[in-house]
Amino acid sequence: MTDLLLNKKGPAGLALVALVALAAASADHSNRFDDVTGRTGIHFVNQASHTSHKYLPETMVGGVALFDYDNDGLLDIFFVNGAALADPVPAGAHPDKSAPKYWNRLYRNNGDGSFTDVTEQAGLQGDGFGMGVAVADFDNDGYEDLYVTNVGKNILYHNNGDGTFTDVTAAAGVGGSGWSAGAVFVDYDRDGLLDLFVSRYLTWDFSKDVFCGVAKPGGRGYCHPDLFPPITHLLFHNEGHGHFRDVSDDSGVSKFPGKGLGVAINDYDRDGWPDIAVANDSVPEQLFHNLHNGKFEEVGLTAGIAYDENGAAFSGMGIDFADYDNDGWPDIVIDSLAKQKYALFHNHEDHFEYVSGPAGLSAASVNHSAWGMKFIDYDNDGAKDLFFGQGHVMDNIETTQPDVRYLEAPMLLRNVANQFVDVSKQSGEVFQKALAARGVAFGDFNNDGFVDIVINCNDRPPVILENTGNRNHWLIVNTVGTKSNRDGIGAQLRIVTDDGKHQFAVVTTASSYLSASDKRVYFGLGKALIVKELEVDWPSGLVDRYHNLKADEIFVARERIP
């Protein structure tokens, strides 16, 4: 019935689709998210160091990661933190991270719903004013490593496999410079070694501070990014033996400056080579097309993702790059600020179409602002839904736009026949709680098959959300590469369930806003009990197929040795 309605033209057909979507959302919705922060033992508080000068980085921090650092099968949590800022910051001064309240924090999952702070023994306190985090096993030794972006030099931490990390930035050659934001590990040349792409935000430092705002009552405000020049992104090629080479110029990436925040990867044209999408703030969004020869061309405009439906740039912050309608072609969603609407780009094989309006995203988001977000099948019905961590960038926005809020509740949109329906109100008390959400990470930290969520909130404690689950079935796939990179990042997965339905996914830790999520791939199966076929197309070019996998299991897909 719904499929027939989707083919109808005109307002009547759209109205019927909306009614069917609302009815289905009400009938099928059975799980929710519980705020379990209080019983996790996590006492982290994000320190944005807000000053009277309102330096722009204060309102942008920070990212969060969900990853299994000690290989015990349980997801641990890493929070990126700010640093102490003088008011004003003297010329040449360095943000001070020495006090423990400014440290980045690693929390070990105890397996009983609680977490233990292991930051100091792990050696992850950090240095400088933090922004984001990327996760991957860059040296293929079986342990996940961390890359932390900063306003200033970034840091690469090697996981030693004994609960400790070592700062190997200098030896690896990936410190970078300027204001780095998002980052993603991706084997762009498919040589079995993970390379590193870093988005940078603005040509900015504390000496370039300018006054922005008006006289009272609004007062000083955070500056619009239009006041600062764009900056080039960075690409580092993994040379092996712990060393990277800066190929930003050689690859062509440096020809296309932006104002980059969130970063995500997928193969948008299905040519077998990973492409990179960047959420840019108030300049055209970017899509770096992999040319198979170590070079990239930026095709955001020609591919159709650079602008919104009116041909206008918008404040891109968080991003995801995944196939929400299970047609085999990855789509892109980019969130933004209030009055701009979140952008959903549907992949039509050779171009993207802006579909926020017909998909229901425009109406749901027009008065909201979001940062961390992701396509997740939160109810395991086989359709990817959308979660947004929300909050405006301006802490005094209500003085100039009374209908917009600085603090906002998260938003959950359920995918019903590829229409997104707001189910926030019936999905947990947290969706009534005003937050200053920034980075958001996703993964199943209790291994019950349902995706949980961690939100890093600007200048506030985090929010840990546990998915209560329902009776739908699931399959989690953990890829292990042999010829490919050990994480299997970039591998394309396809499943067929016993009811004949197909789903598609890519292995990645990147998306959202400056954050890293669990690398494992989550498939909601609905009522299906068997996955008839799982196909893994590895970055090496090898293809593995597995048959008749039972539902409700974590399956390890290990690349066969050719």
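Since every read-out is calculated from the coordinates, none of them should be taken as a lab result. All values derive from a computational prediction rather than experimental measurement. Cβ coordinates were reconstructed from backbone atoms using ideal geometry, including for glycine residues, and neighbour counts include every protein chain displayed.
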Can you tell me how the range 40-198 classifies by the Cα gyration tensor, rounded, prolate or oblate, using a/c under 1.5 as the rounded cut? oblate
Once fully extended, how much extra length lies between residue 205 and residue 220, figured as 0.36 nm per residue of separation less the alpha-carbon to alpha-carbon distance? 3.6 nm
Do any cysteines of the chain lack a neighbour Cys whose Cβ is under 4.7 Å away, and which are they? 457
Rounded if a/c under 1.5, otherwise prolate or oblate - the chain, Cα gyration tensor axes: rounded
To the nearest 500 deg cm²/dmol, what mean residue ellipticity at 222 nm is calculated for the chain from DSSP H runs of n ≥ 4 alone, each contributing -39,500 (n - 2.57), summed and divided by the residues? -2000 deg cm²/dmol
Out of 57, 152, 526, whose Cα points farthest toward the positive end of the dipole of the chain (charges: +1 Lys, Arg; -1 Asp, Glu; placed on Cβ)? 57
Expressed as a whole-number percentage, the relative contact order of the chain with C-alpha contacts under 8 angstrom and at least six residues apart is 15
Modelled label-to-label distance, residue 529 and residue 191, 7 Å Cα→beta-carbon offset: nm? 5.0
Are any of the pairs 433/550; 101/295; 54/384; 339/384; 153/384 more than 32 Å apart by Cα-Cα distance, and if so, which? 433/550; 101/295; 54/384; 153/384
Answer rounded, prolate or oblate for the range 393-457, using the Cα gyration tensor with square roots of eigenvalues a ≥ b ≥ c: rounded when a/c is under 1.5, else prolate when a/b is larger than b/c, else oblate. oblate
What is the distance in Å between the Cα centres of the range 490-562 and the range 224-298? 26
Going residue by residue through the range 128-135, the Karplus relation 6.51 cos²θ - 1.76 cosθ + 1.60 with θ = phi - 60° gives ³J(HN,Hα) values, rounded to whole Hz and with x marking Gly or Pro, of x, 8, x, 10, x, 8, 10, 10
Separation between the residue 553 and residue 312 pseudo-spin-labels, each 7 Å from Cα along Cα→Cβ, expressed in nm? 5.3
Expected vector for the range 147-154, Karplus 3J(HN,Hα) from phi with 6.51, -1.76, 1.60 and θ = phi - 60°, integer Hz, x for Gly and Pro, equals 10, 10, 8, 9, 7, x, 5, 8
